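Reviewing the structure listed below.
The values are calculated or read from the model by the stated rules, or taken from the named source; none is laboratory data. Being a predicted model, the structure only gives us computed values, none of them experimental. Please note: Cβ atoms are built from the backbone with ideal geometry, for glycine as well, and neighbour counts cover all protein chains shown.
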């Protein structure tokens, strides 16, 4: 039975003491595709992603995944979600295979299914030696191991926080191709500072600044309305400057 | 969740069972080096006790209670080392971002890790008792009195101590806090007990290590109401029921608190 691929925030607010990280944001996305989440550092992007992956509890408001309030039933809600938020790393003292086996186990997969998926992911993500420990991996290999941990779940909704950060050009190309393949059947919500990446991958863009949503629209509409006549990444850059910086 | 179809395959088995198994095995793999090291260390420490016993000509009764005190101190030190990062690792290291975003109740993760820690720490504990019993038999030609009861209380004390360290671990931001708290508790407890009794006339029934003293005192026949230390200070020993109540009470309260704090903690 397929789920409905829906991500919804209703008046989502998160405060850290006096600081308001998220100020009553609301959005709703349904169906497959890639949503780009754009904004300056400290705007609230990672906080939003952390709430949707149950790493933070909201101060008020609701975060719904496929209609399930993550605060009420996070186990059920998270079954549809795989998240790579901030800069996670595999356990330093575990080999990549053991690490993926652990995550697969936490996803309820049995040993044979885990092995099958690890073999598939090894090809898709060009994972080299699966017996290398986390602490011995290069930055790019750590990133790929973490992505493999997210993808082993085979989740319908992916939350990615600057997914190509730390990858070399070839690895970036590989990941972009994978996202393009996945977006046909999955809802991918990704934050990014790379506007050419957003142009290439995203169907919609969400702009956030100072914890408030500034604009939600399709990427093509954003560049058309705010791009000062320029197209592609340049048009999106103009839009970003107007919407976020006010210039 | 049995047989739930996903995009590319089937989820078979029970999800929470596999999740518990994964957390359990993960704890084992992370603890393997420290468990191995302590299994060797306890043999060395027992040999030191044997050397002391022969040098100072311990009687079999003194050997038995000294061994009990050694076990009591070692349990605290090993438990603190094994459990210090049982929760902090998810909040101080980037790997926690992956573990805590999985669809598994956090209390299951914590209980599975704690169960694994208790189970695997029984290895050095058993090695310690085995080497102590063998050495005692070689020295005095008899088994230490009530050694099996002492072992049983050791397991209970270890579980309580680990639950307490786990609770501190859920509140701390770094493994250094529960580690130093645990070792301090294990090592300096006896001095605190003596001071409390000497200066205030208070029996420290509210301290977990006080309950753990039954590990040593139960190997004295008849069961003593107090210890007289070499410096002349006297230290009360808990009654057996009192020791059991202290340990079970600490286990229940620490476990409940650990689960509560771990379940609600934000990953900043």
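Going residue by residue through segment A:214-232, is there one that turns out to be out of contact with any helix residue (DSSP H, G or I) (no Cβ under 7 Å at 6 or more places or on another chain), modelled with pLDDT of 85 or more and closer than 25 Å to residue B:101 by Cα?
No: segment A:214-232 contains no residue that is out of contact with any helix residue (DSSP H, G or I) (no Cβ under 7 Å at 6 or more places or on another chain), modelled with pLDDT of 85 or more and closer than 25 Å to residue B:101 by Cα.
Which one of A:215, A:167, A:175, A:236 is touching a residue at least 24 places away in the same chain (Cβ under 8 Å), more than 14 Å from chain B (Cβ to nearest Cβ), closer than 18 Å to residue A:46 by Cα and crowded, with 17+ Cβ neighbours inside 10 Å? Before the answer, list the steps.
Details: A:167 fails: closer than 18 Å to residue A:46 by Cα; A:175 fails: closer than 18 Å to residue A:46 by Cα; A:236 fails: closer than 18 Å to residue A:46 by Cα.
Testing whether each residue is touching a residue at least 24 places away in the same chain (Cβ under 8 Å), more than 14 Å from chain B (Cβ to nearest Cβ), closer than 18 Å to residue A:46 by Cα and crowded, with 17+ Cβ neighbours inside 10 Å leaves just A:215.
Can you tell me how many residues within segment A:166-183 are in contact with a helix residue (DSSP H, G or I) (Cβ under 7 Å, 6 or more places away or on another chain) and over 12 Å from residue A:201 (Cα atoms)?
4
When you go through B:79, B:60, B:95, B:55 one by one, which is the residue that is surrounded by 20 or more Cβ atoms within 10 Å (Cβ to Cβ) and farther than 21 Å from residue B:182 by Cα? First the steps, then the outcome.
On the way: B:79 fails: farther than 21 Å from residue B:182 by Cα; B:60 fails: surrounded by 20 or more Cβ atoms within 10 Å (Cβ to Cβ); B:55 fails: surrounded by 20 or more Cβ atoms within 10 Å (Cβ to Cβ).
Only one candidate passes the filter, namely B:95.
Do we have any residue at all in segment B:69-80 that's more than 13 Å from chain A (Cβ to nearest Cβ), over 17 Å from the mean Cα position of the chain (by Cα) and modelled with pLDDT of 85 or more?
Filtering segment B:69-80 for residues more than 13 Å from chain A (Cβ to nearest Cβ) gives B:69-80.
Subset that is over 17 Å from the mean Cα position of the chain (by Cα): none.
No, every residue in segment B:69-80 fails to be more than 13 Å from chain A (Cβ to nearest Cβ), over 17 Å from the mean Cα position of the chain (by Cα) and modelled with pLDDT of 85 or more.
Which of (1) without any contact (Cβ under 8 Å) to a residue 60 or more places away in the chain; (2) under 20 Å from the mean Cα position of the chain (by Cα); (3) facing another protein chain (nearest Cβ under 10 Å); (4) buried (at least 16 other Cβ atoms within 10 Å of the Cβ) is the odd one out, the single condition residue A:52 does not satisfy?
Result: residue A:52 fails condition (1) only.
Filter segment A:87-98 down to residues that are more than 15 Å from residue B:24 (Cβ to Cβ) and modelled with pLDDT of 85 or more and give me whichever is farthest from the chain's Cα centre (by Cα).
Looking only at segment A:87-98, we keep the residues that are more than 15 Å from residue B:24 (Cβ to Cβ), and these are A:87-90, A:92-93, A:95-97.
Now restrict to residues that are modelled with pLDDT of 85 or more: A:95-97.
Values: A:95: 24, A:96: 21, A:97: 23 Å.
Per the criteria, the residue is A:95.
Would you check which residues across segment A:89-110 are more than 7 Å from chain B (Cβ to nearest Cβ) and free of Cβ contacts under 8 Å to residues at least 24 places away in the same chain and list them?
So the first thing to find is which residues in segment A:89-110 are more than 7 Å from chain B (Cβ to nearest Cβ), and the list is A:92, A:95-97, A:99-101, A:104.
Result: A:101, single match.
Just wondering, is there one or more residues in segment B:154-167 that are away from every other protein chain (no Cβ under 14 Å) and in contact with a strand residue (DSSP E or B) (Cβ under 7 Å, 6 or more places away or on another chain)?
Narrowing segment B:154-167 to residues away from every other protein chain (no Cβ under 14 Å): B:154-167.
Those still in the list that are in contact with a strand residue (DSSP E or B) (Cβ under 7 Å, 6 or more places away or on another chain) too: none.
So far as segment B:154-167 goes, no, none of its residues is away from every other protein chain (no Cβ under 14 Å) and in contact with a strand residue (DSSP E or B) (Cβ under 7 Å, 6 or more places away or on another chain).
What are the residues in segment B:36-61 that are at pLDDT below 90 and either closer than 30 Å to residue A:103 by Cα or in a helix (DSSP H, G or I) (or both), if any?
Once the filter is applied, which keeps residues that are at pLDDT below 90 and either closer than 30 Å to residue A:103 by Cα or in a helix (DSSP H, G or I) (or both), segment B:36-61 yields only B:56.
Out of the residues in segment A:28-47 that are out of contact with any helix residue (DSSP H, G or I) (no Cβ under 9 Å at 6 or more places or on another chain) and closer than 22 Å to residue A:246 by Cβ, state the one that is surrounded by the most Cβ atoms within 10 Å (Cβ to Cβ).
A:44
Residues are listed down the side, and each one gets a yes or a no for (1) more than 14 Å from every other protein chain (Cβ to nearest Cβ); (2) part of a helix (DSSP H, G or I); (3) in contact (Cβ under 8 Å) with a residue 24 or more places away in the chain; (4) more than 17 Å from residue B:79 (Cα to Cα):
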{"site": "B:184", "(1), (2), (3), (4)": "yes, yes, no, no"}
{"site": "B:199", "(1), (2), (3), (4)": "yes, yes, no, yes"}
{"site": "B:202", "(1), (2), (3), (4)": "yes, no, no, yes"}
{"site": "B:221", "(1), (2), (3), (4)": "yes, no, yes, yes"}
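Which one of B:111, B:98 is under 30 Å from residue A:76 (Cα atoms), assigned to a helix (DSSP H, G or I) and modelled with pLDDT under 90? Full working, then the answer.
Working: B:111 fails: modelled with pLDDT under 90.
Just one listed residue meets the conditions, B:98.
Based on this model, can you work out whether residue A:113 counts as within 11 Å of chain B (Cβ to nearest Cβ) and farther than 30 Å from residue A:197 by Cα?
yes
Within segment A:9-21, can you find the residues that are more than 22 Å from residue A:88 (Cα to Cα) and surrounded by 19 or more Cβ atoms within 10 Å (Cβ to Cβ)? I'd like the intermediate steps shown before the answer.
Of all residues in segment A:9-21, those more than 22 Å from residue A:88 (Cα to Cα) come to A:9-13, A:15, A:17-20.
The answer is A:9, A:12.
When you scan segment A:72-85, do you find a residue that is surrounded by fewer than 17 Cβ atoms within 10 Å (Cβ to Cβ), more than 7 Å from every other protein chain (Cβ to nearest Cβ), in a loop (DSSP other than H, G, I, E, B) and free of Cβ contacts under 8 Å to residues at least 40 places away in the same chain, even just one? Write out each step before concluding.
Step one: filter segment A:72-85 for residues surrounded by fewer than 17 Cβ atoms within 10 Å (Cβ to Cβ), giving A:72-73, A:76.
Still in the list and also more than 7 Å from every other protein chain (Cβ to nearest Cβ): A:72-73, A:76.
After this cut, where a residue has to be in a loop (DSSP other than H, G, I, E, B) as well, the list is A:72-73.
Those left that are additionally free of Cβ contacts under 8 Å to residues at least 40 places away in the same chain: A:72-73.
Yes, there is a match, as at least one residue in segment A:72-85 is surrounded by fewer than 17 Cβ atoms within 10 Å (Cβ to Cβ), more than 7 Å from every other protein chain (Cβ to nearest Cβ), in a loop (DSSP other than H, G, I, E, B) and free of Cβ contacts under 8 Å to residues at least 40 places away in the same chain.
In segment A:121-130, which residues are closer than 12 Å to residue A:96 by Cβ, in a helix (DSSP H, G or I) and in contact with a helix residue (DSSP H, G or I) (Cβ under 7 Å, 6 or more places away or on another chain)? Talk me through it step by step, then tell me what you get.
Start the filter on segment A:121-130 by keeping residues that are closer than 12 Å to residue A:96 by Cβ, which leaves A:121-122, A:125, A:127-130.
Next, only the ones that are in a helix (DSSP H, G or I) stay: A:121-122.
Within segment A:121-130, A:121 is the sole residue that qualifies.
Looking at residue B:172, is it surrounded by 16 or more Cβ atoms within 10 Å (Cβ to Cβ) and either in contact with a strand residue (DSSP E or B) (Cβ under 9 Å, 6 or more places away or on another chain) or within 18 Å of residue B:118 (Cα to Cα) (or both)?
On the way: surrounded by 16 or more Cβ atoms within 10 Å (Cβ to Cβ): yes; either in contact with a strand residue (DSSP E or B) (Cβ under 9 Å, 6 or more places away or on another chain) or within 18 Å of residue B:118 (Cα to Cα) (or both): no.
Considered against the rule, which asks whether it is surrounded by 16 or more Cβ atoms within 10 Å (Cβ to Cβ) and either in contact with a strand residue (DSSP E or B) (Cβ under 9 Å, 6 or more places away or on another chain) or within 18 Å of residue B:118 (Cα to Cα) (or both), residue B:172 comes out as no.
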